[in-house]
Amino acid sequence: MNKKTNERPVFPFVSVIGQEEMKLSLILNVIDPKIGGVMLMGERGTGKSTVVRALVDLLPPIEVIENDPYNSDPYDTETMSDEALLKLNNNEKPNIIKIKTPMIDLPLGATEDRVCGTIDIEKAISEGVKAFEPGLLAQANRGILYVDEVNLLDDHLVDVLLDSAASGWNTVEREGISICHPAKFILIGSGNPEEGELRPQLLDRFGMHAQIKTVKEPKLRVKIVQQRELFEKDPQNFKKICQNEQEALMKKITNARKNIKNITISYDLLEKISQVCSELEVDGLRGDLVTSRAAKALVAFEERNEVTAKDIYTIITLCLRHRLRKDPLESVDSGYKVQETFKKVFNL
């Protein structure tokens, strides 16, 4: 039997109607993972999980060292696991295989041991070896880690995830024994605002923040329902219909990943980005950095070479809205505030 028919069918990304904010923020993070992940906030049943799972089908397969629990890159010694590096130093030639980009779902009740991995202290003492059982962070290396209902997760666990996502490494320490392994992944969190927001200091560490609203237009709602029914009736045929469009988008993303290092942004625009952040009283420099990175990723995606003010306008709300200080008495939407400040600074 063909392996593909055994896999759970995934709704094609190109067939998702509406939700442009969510789709754009996910694509930009795939092009440049240094943007720092996405927080998707929206009501129940708005397709957050569907879109995130569809995203993985747009990513090319990755080359890994066979039987390596960390999906180690066979060509990058900087991010290899200790075991892979040791074999390489002993002139052992690794077997290289291609696998689908990993997509790991973090269950809501996951413990820190399940996420980070555990060290078997007894085995370490009795046999003198570092007995480590890798966790979800190891499995997510070089892929995507998706946390649904991230706002219901323990703050300490969110902190661990954000630390690993930012540094690209996970360190586990027990009884004086320390293990470090690569954990480079795109962190995507989703949540329902009715169940509470994340603490501001945790929210600030997500690169982008997309607000997902229920589609109000009746004709669009009918179209979404019809598409879903067609997909559920015959997933393979539905995917065939979208195949050309899906492949074209995959190619665009792959090219953008290669070309992002050639994108330029003028000093004048960088200064204006910083001025917007300053006027909005955004703490720290994350807002400035993420905005310039996201603008470059957008330009790479659109197959151009230089960032314009229009590019910055397209992404600046996604990069800054969650970094503004909350005033409980203020009724103005934070996204509107970012746009108005942008227009004032850029004289638009």
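Go through region 80-98 and give me each residue that's of a type outside the set (K, R), outside any helix (DSSP H, G or I) and surrounded by fewer than 16 Cβ atoms within 10 Å (Cβ to Cβ). Explain how you work it out, then say what you get.
Taking region 80-98 as the starting set, the residues that turn out to be of a type outside the set (K, R) are 80-86, 88-92, 94-97.
Filter once more, so that each one left must be outside any helix (DSSP H, G or I): 80-81, 90-92, 94-97.
The answer is N90, N91, E92, N95, I96, I97.
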Scan region 194-202 and give yes if some residue there is of a type in the set (A, V, I, L, M) and in contact with an Asp or Glu (Cβ under 7 Å, 6 or more places away or on another chain), otherwise no.
yes
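Within region 52-62, take every residue that is among the β-branched types (V, I, T) and closer than 14 Å to L145 by Cα and give me the one that is surrounded by the most Cβ atoms within 10 Å (Cβ to Cβ).
At the first step, the residues of region 52-62 found to be among the β-branched types (V, I, T) are 52, 56, 62.
The next check asks that each one be closer than 14 Å to L145 by Cα; those that pass are 52, 56.
Values: V52: 23, V56: 17.
Among those that are among the β-branched types (V, I, T) and closer than 14 Å to L145 by Cα, it is V52.
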Which numbered condition trips up N67, out of (1) closer than 21 Å to Q243 by Cα; (2) not in a helix (DSSP H, G or I)?
(1)
With (1) within 20 Å of D288 (Cα to Cα); (2) of a type outside the set (K, R); (3) at pLDDT below 80 as the list, and D333 as the residue in question, which single condition is left unmet?
(1)
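Check whether at least one residue in region 63-74 is polar (S, T, N, Q) and surrounded by fewer than 18 Cβ atoms within 10 Å (Cβ to Cβ), and report yes or no. Explain how you work it out, then say what you get.
The initial filter retains those residues of region 63-74 that are polar (S, T, N, Q), namely 67, 71-72.
Add one more test, that the residue is surrounded by fewer than 18 Cβ atoms within 10 Å (Cβ to Cβ), and what stays is 67.
Yes.
Identify the residue in region 77-105 that is within 25 Å of the chain's Cα centre (by Cα) and farther than 30 Å from S190 by Cβ and, among all such residues, is modelled with the highest pLDDT. Before the answer, list the steps.
Keep residues of region 77-105 that are within 25 Å of the chain's Cα centre (by Cα), which gives 77-81, 97-105.
Next, only the ones that are farther than 30 Å from S190 by Cβ stay: 77-78, 80, 97.
Numbers: T77: 83, E78: 81, M80: 86, I97: 93.
My answer is I97.
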Just the residues that are exposed (fewer than 12 other Cβ atoms within 10 Å of the Cβ), in contact (Cβ under 8 Å) with a residue 12 or more places away in the chain and in a helix (DSSP H, G or I), please, taken from region 244-281.
N262
With the structure loaded, tell me whether R321 is more than 22 Å from the chain's Cα centre (by Cα) and either within 15 Å of F342 (Cβ to Cβ) or loosely packed, with under 15 Cβ neighbours inside 10 Å (or both) or whether it fails that test.
no
Hey, can you tell me all the residues within region 176-212 that are β-branched (V, I, T) and either buried (at least 19 other Cβ atoms within 10 Å of the Cβ) or under 19 Å from the mean Cα position of the chain (by Cα) (or both)?
I179, I186, I188, I212
Within the bounds of region 280-288, is there any residue that is over 25 Å from the mean Cα position of the chain (by Cα) and within 30 Å of P200 (Cα to Cα)?
yes
Please give the number of the condition V56 fails out of (1) in contact with a His (Cβ under 9 Å, 6 or more places away or on another chain); (2) within 30 Å of I312 (Cβ to Cβ); (3) modelled with pLDDT under 90.
(1)
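The values are calculated or read from the model by the stated rules, or taken from the named source; none is laboratory data. All values derive from a computational prediction rather than experimental measurement. Glycine gets a Cβ as well: all are built from the backbone with ideal geometry, and neighbour counts include every protein chain shown.
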